[in-house]
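Below is one structure, written out as structure tokens; the observations come after it.
Where a number appears in this text, it was derived from the coordinates with a stated rule and is not lab data. Computed from a prediction, not measured in an experiment: that's the story for all the values here. As a convention, Cβ positions derive from the backbone with ideal geometry for all residues, glycine included, and neighbour counts pool all protein chains shown.
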Amino acid sequence: MAERYTKTYVSVNVDIDEDGTMLPRLIRWMNGRVFAIEQLGYKCRASSAKVGGGGIRYTVRINGRETYLFQRGQPVVRGGQGINRGPAIQAGP
């Protein structure tokens, strides 16, 4: 039986360094469960052939399993006041 993939939007806690590089650290599922990103692997521009869409793809390890986060859009930082519009990051294999 073939695996079924779905696109799920999640909240993501990220660190942003002084160069603007985003480093995802945690994901928060819609039911409130929080998962630490144990390892951040590869980052590249890619599309998702399995569920559609695309953007910046992060290869991450969560609970010992490799998966992908897709970022659509960019955060906006104004005058050092923080992020006004957060990234939309999609979790899924």
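Details
- Burial ranking of peptide ranges 4-10, 55-61 (average Cβ count within 10 Å, highest at the top): 55-61, 4-10
- Gyration tensor (alpha-carbon) shape descriptor, segment 1-41, a/c threshold 1.5: prolate
- Once both labels are positioned 7 Å from their Cα atoms along Cα-to-Cβ, the gap between LEU26 and THR8 label points is 1.8 nm.
- Cα-projected label distance for THR67 with ARG33, points at 7 Å along beta-carbon direction, nm: 0.8 nm
- Reciprocal of mean inverse Cα separation for segment 7-74 (Kirkwood radius, Å): 12.6 Å
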